[in-house]
Amino acid sequence: MAHLIQFAPPYSALLGLVRAGLVPRSWADAEAVQYPTHELLTGDRRERAVDLRPTPSGWIDLRTARDAGASVGLVVTTQEHRHRDLSRPGQPDEQILSELFDRVRAYFHEHSTLGQLGEPGPERGLARLCWILGSFQYANRNNSIESPLFRVFRDDVPSVEDIHRGAGDDEIADPLALTQRLQTSGALEQLRRLAGDPPPGTPWGITAPVIFDHWDDNTFLLDGTEGSTLLEVVSLAHVAANGRARRRIWNLLAYAWLDTADTYRIRNIALYFARHGVLVTIPVTRLAEALLEGRDAQDVRNEFVGLATRLRDMDRARRQAWRLPSDQ
């Protein structure tokens, strides 16, 4: 989904490789500036490109929040987390991973168009690359040793071909089926309309928008003509659990409410159930009315934002007090 919406750095995939101990943070920033969204960054911004996240009207700098004590964008290495560290002296995997990402970008440039799915052959190739990036992304918030792809890094420096072979036909069968369902269900065209019906090759919005010191890799912003739609992609096979579904909906409403500066102009909330090919969209105001059952939406929002701000400030203060030397 991300590569249909915006050709931006795969932030969590880059940070996942850093967290696994395979590359330094400077490598991730150097890779990020190779993407169209970040290639025009200048000066010291290029040296911390992963911290710079585009918005409809400019940039959010994660370092500003981190300097105040937030953990957003902070990478704690596997060694510090007592996970199995995959790093080797001199980090020789860096060169191979640079070559891999060069090939990934080249393949996407040749075979992928924003807002448009390709022919079956190229789509299989794109699915393999997305599966690899997804495995790297997993390591950003989890122990990399749990990801099958990282086995190729355990004994020696792998080749690009070794890494690519990890995305076999069995691994990409499910992503390909979901991609086909996106097309055949009509959901792709519905999403296009939410983004203002831009022509092929034009960005639809923003991937993984940062709101209130947080971003989610399954959340996207579709920038429509009369406001934006905050979209979450749900890939669960069963969505009938009322408690989980309700929490997911409340979470999206909370994101919209926490954008107090209206940076993203969020006017609609959408859930795309990928395994069912079903897109559900509702205006933020109507969603709030339905959930609040007669309570004043603005009063509840003010109370919620106030509480969230106090909790965030307390968390930042604790991090400032407990900050490790590696965070400095």
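The values are calculated or read from the model by the stated rules, or taken from the named source; none is laboratory data. Keep in mind it's a predicted model, so treat the numbers as computed, not measured. Cβ sites come from the backbone with ideal geometry, for glycine too, and all protein chains shown count toward neighbours.
Based on this model, can you work out whether residue 248 counts as basic (Lys, Arg), under 25 Å from residue 312 (Cα atoms) and out of contact with any Leu (no Cβ under 6 Å at 6 or more places or on another chain)? Taking the combined requirement at face value, the residue satisfies it.
Condition check ((1) assigned by TED's automatic domain parsing to the domain that holds residue 119; (2) within 20 Å of the chain's Cα centre (by Cα); (3) β-branched (Val, Ile, Thr)) across all residues:
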| residue | (1), (2), (3) |
| --- | --- |
| 152 | yes, no, yes |
| 157 | yes, no, yes |
| 162 | yes, no, no |
| 166 | yes, no, no |
| 170 | yes, no, no |
| 176 | yes, yes, no |
| 194 | no, yes, no |
| 198 | no, no, no |
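With respect to the conditions (1) modelled with pLDDT under 95; (2) of a type in the set (D, E, K, R); (3) under 30 Å from residue 94 (Cα atoms); (4) over 20 Å from the mean Cα position of the chain (by Cα), residue 216 falls short on a single one, namely (4).
When we screen 225, 229 for residues that are in the same structural domain as residue 204 (by TED's automatic domain parsing) and at pLDDT 95 or above, the only hit is 229. Restricting the stretch 37-73 to residues that are at positive phi and surrounded by 13 or more Cβ atoms within 10 Å (Cβ to Cβ), the residue that is modelled with the highest pLDDT is 69. Could you check, for the stretch 241-257, whether at least one of its residues is touching a residue at least 12 places away in the same chain (Cβ under 8 Å), in contact with a strand residue (DSSP E or B) (Cβ under 6 Å, 6 or more places away or on another chain) and either part of a loop (DSSP other than H, G, I, E, B) or surrounded by fewer than 19 Cβ atoms within 10 Å (Cβ to Cβ) (or both)? Taking every residue of the stretch 241-257 in turn, none turns out to be touching a residue at least 12 places away in the same chain (Cβ under 8 Å), in contact with a strand residue (DSSP E or B) (Cβ under 6 Å, 6 or more places away or on another chain) and either part of a loop (DSSP other than H, G, I, E, B) or surrounded by fewer than 19 Cβ atoms within 10 Å (Cβ to Cβ) (or both).
Within the stretch 260-271, the residues that satisfy the criterion of being buried (at least 19 other Cβ atoms within 10 Å of the Cβ) and either in a strand (DSSP E or B) or in contact with a Phe, Trp or Tyr (Cβ under 8 Å, 6 or more places away or on another chain) (or both) are 266, 268, 269, 270, 271. Just to be sure, is residue 279 among the aliphatic types (A, V, I, L, M) and at pLDDT 95 or above? It is true that residue 279 is among the aliphatic types (A, V, I, L, M) and at pLDDT 95 or above. In this entry, residue 93 passes the filter for residues that are under 16 Å from residue 21 (Cβ atoms), more than 18 Å from the chain's Cα centre (by Cα) and of a type outside the set (Lys, Arg). Has the stretch 122-130 got any residue that is closer than 18 Å to residue 2 by Cα, of a type in the set (Asp, Glu), in the same structural domain as residue 100 (by TED's automatic domain parsing) and in contact with a helix residue (DSSP H, G or I) (Cβ under 7 Å, 6 or more places away or on another chain)? Yes - at least one qualifying residue is present in the stretch 122-130. Residue 141 - would you say it is closer than 19 Å to residue 9 by Cβ, in the same structural domain as residue 50 (by TED's automatic domain parsing), under 21 Å from the mean Cα position of the chain (by Cα) and surrounded by fewer than 15 Cβ atoms within 10 Å (Cβ to Cβ)? When the stated conditions are applied, residue 141 passes them. From the list 297, 274, the lone residue that is out of contact with any Pro (no Cβ under 9 Å at 6 or more places or on another chain) and surrounded by fewer than 19 Cβ atoms within 10 Å (Cβ to Cβ) is 297. Taking the residues in the stretch 287-312 that are among the charged types (D, E, K, R) and farther than 15 Å from residue 211 by Cα as candidates, determine which candidate is modelled with the lowest pLDDT. Out of the qualifying residues, it is 293. Restricting the stretch 212-233 to residues that are assigned to a strand (DSSP E or B), without any contact (Cβ under 8 Å) to a residue 60 or more places away in the chain and hydroxyl-bearing (Ser, Thr, Tyr), the residue that is surrounded by the fewest Cβ atoms within 10 Å (Cβ to Cβ) is 219. Scanning the stretch 1-22 for residues that are in a loop (DSSP other than H, G, I, E, B) and either in contact with a strand residue (DSSP E or B) (Cβ under 7 Å, 6 or more places away or on another chain) or modelled with pLDDT under 95 (or both) gives 1, 6, 8, 20, 21, 22. Evaluation of residue 99 against the conditions (1) modelled with pLDDT of 95 or more; (2) closer than 25 Å to residue 203 by Cβ shows that the sole unmet condition is (2).
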